[in-house]
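**Q** Structure provided below as structure tokens; questions to follow.
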Amino acid sequence: MRTAGGRFGLGVALALVATAVFAPVLATHDPRAIDLAAELAGPGRDHLFGAAENGVDVLSQVVYGARVSLVVSVFAVLLSAAVGVTLGGIAGYVGGIVDEVLMRVVDVLLAFPGILLAIFITAVLGPSLANVVFALTVTGWTGYARLVRAQMLTLRERDYVQAARALGAKGNRILFRHLLPNAAGPILVQATFAIPGAILAEASLSFLGLGAPPGTPSWGALVDQGTQYLLVAPHIALFPGLAIAITVLGFNFLGDALRDALDPKRRER
């Protein structure tokens with residue numbers, strides 16, 4: 001990471017992982033512990049980020065909320081990438097009617113705004129982290145499919161692919177052994193940019209009451225609670241909002257740095 005933005009993004013990513021892993025150590029209170037005497041109290045010695053409804057510690061909620069955001073975003077991105085890379089690779093390599101059918105499915109899904117489709121799915125299935133991951137996978141795999149298909153259309157005409165065919169290599173071996181590994185760079189960049197999108201989507205769904213189940217620490221749910229007390233206790237929404245903003249900004253910087261590092265044309269500039 002040669003740029004300041006890249007180093008900042010990498011630091012944010014590592015900090016998010018560390019916060020999620022060591023949440024029990026970093027949290028100063030049980031995230032569900034009730035302290036009625038401190039209800040809506042501002043930042044202070046006992047509650048560094050202040051307290052929310054029923055005296056719940058905001059810092060502990062933010063720390064454990066990082067775990068929810070990381071788990072949901074990583075699983076959503078991994079599943080989306082697995083589905084999109086597989087289907088996009090098949091469409092680009094096989095071509096013909098298979099390509100037409102798969103790409104028309106992609107076009108239909110892209111015709112709907114992703115967040116609205118995710119809201120519809122979670123509203124039907126009910127609020128749970130598994131349903132959020134499923135909804136984000138349904139809306140997220142299309143980007144990988146289009147990217148990988150475009151890569152396959154270019155790579156399948158390369159000399160090493162023609163040589164593999166001449167040696168009798170089967171289609172699945174050519175696809176998974178030769179084509180997909182050479183498309184790994186753009187896929188990695190796409191996944192890096194998808195993580196902040198998944199974090200924002202999970203926060204949005206939780207803000208609407210369609211994400212994390214009630215009682216689960218979530219940045220979006222905490223912002224939703226804070227909007228009711230903006231004039232008397234703005235800290236409730238401020239700190240989880242800052243956590244979302246910094247995390248999304250950091251991963252976007254990290255994605256930019258990876259894109260520059262993996263693109264030979266950009267390295268030459």
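**Q** Out of region 74-109, which residues are of a type in the set (Val, Ile, Thr), under 20 Å from the mean Cα position of the chain (by Cα) and over 16 Å from PHE193 (Cα atoms)?
**A** VAL83, THR86, VAL106, listed by residue number.
**Q** State all residues of region 197-228 that are under 30 Å from MET152 (Cβ atoms) and in contact (Cβ under 8 Å) with a residue 60 or more places away in the chain; if no residue qualifies, say none.
**A** ALA198, ILE199, ALA201
**Q** Just a yes or no: is a residue in region 85-101 of a type in the set (Phe, Trp, Tyr) and either free of Cβ contacts under 8 Å to residues at least 60 places away in the same chain or in a loop (DSSP other than H, G, I, E, B) (or both)?
**A** Scanning region 85-101, I find no residue that is of a type in the set (Phe, Trp, Tyr) and either free of Cβ contacts under 8 Å to residues at least 60 places away in the same chain or in a loop (DSSP other than H, G, I, E, B) (or both), so the answer is no.
**Q** Considering region 34-56 alone, what residues qualify as being farther than 17 Å from VAL223 by Cα and out of contact with any helix residue (DSSP H, G or I) (no Cβ under 8 Å at 6 or more places or on another chain)?
**A** If the condition is that a residue be farther than 17 Å from VAL223 by Cα and out of contact with any helix residue (DSSP H, G or I) (no Cβ under 8 Å at 6 or more places or on another chain), then GLY44, ARG45 are the ones that fit.
**Q** I would also like to ask the following. Sort out which residues of region 141-169 are among the charged types (D, E, K, R), at pLDDT 80 or above and surrounded by fewer than 22 Cβ atoms within 10 Å (Cβ to Cβ), and write them in order of number.
**A** Residue satisfying the conditions is ARG146 alone.
**Q** Six or more apart or on different chains, Cβ under 9 Å: which pairs go from a residue in region 44-58 that's in a loop (DSSP other than H, G, I, E, B) and surrounded by 16 or more Cβ atoms within 10 Å (Cβ to Cβ) to one that's of a type in the set (Lys, Arg) and at pLDDT below 90? Could you list them?
**A** These pairs meet every condition: VAL56/ARG32.
**Q** Next up: For residues that are part of a loop (DSSP other than H, G, I, E, B) and among the hydrophobic types (A, V, I, L, M, F, W, C), scanning just region 212-247, find the one that is surrounded by the fewest Cβ atoms within 10 Å (Cβ to Cβ).
**A** Among those residues, the one meeting the criterion is LEU231.
**Q** Next up: Looking at PHE112, PHE176, PHE134, PHE193, can you tell me which residue is in a helix (DSSP H, G or I), surrounded by fewer than 17 Cβ atoms within 10 Å (Cβ to Cβ) and either at pLDDT 90 or above or more than 17 Å from the chain's Cα centre (by Cα) (or both)?
**A** PHE176
**Q** Just give me the residues in region 33-43 being in a loop (DSSP other than H, G, I, E, B) and either among the small types (Gly, Ala, Ser) or closer than 24 Å to ALA15 by Cβ (or both), in sequence order.
**A** Selection gives ALA33, ALA41, GLY42, PRO43.
**Q** Then there's this: Does any residue in region 22-37 that is at negative phi come within less than 8 Å, Cβ to Cβ, of a residue that is of a type in the set (Gly, Ala, Ser) and modelled with pLDDT under 85 six or more places away or on a different chain, and which pairs are these?
**A** ARG32/GLY215
**Q** Quick one: which of ALA123, ALA111, ALA76 is in contact with a helix residue (DSSP H, G or I) (Cβ under 9 Å, 6 or more places away or on another chain) and of a type outside the set (Asp, Glu)?
**A** Testing whether each residue is in contact with a helix residue (DSSP H, G or I) (Cβ under 9 Å, 6 or more places away or on another chain) and of a type outside the set (Asp, Glu) leaves just ALA76.
**Q** Only one of LEU231, LEU180, LEU242 is on the phi < 0 side of the Ramachandran plot and either basic (Lys, Arg) or touching a residue at least 60 places away in the same chain (Cβ under 8 Å) (or both); which?
**A** After applying the criteria, what remains is LEU180.
The values are calculated or read from the model by the stated rules, or taken from the named source; none is laboratory data. For clarity, every value in this text was computed on a predicted model and none was experimentally measured. Here the Cβ is made from the backbone with ideal geometry for all residues, glycine too, and neighbour counts use every protein chain on show.
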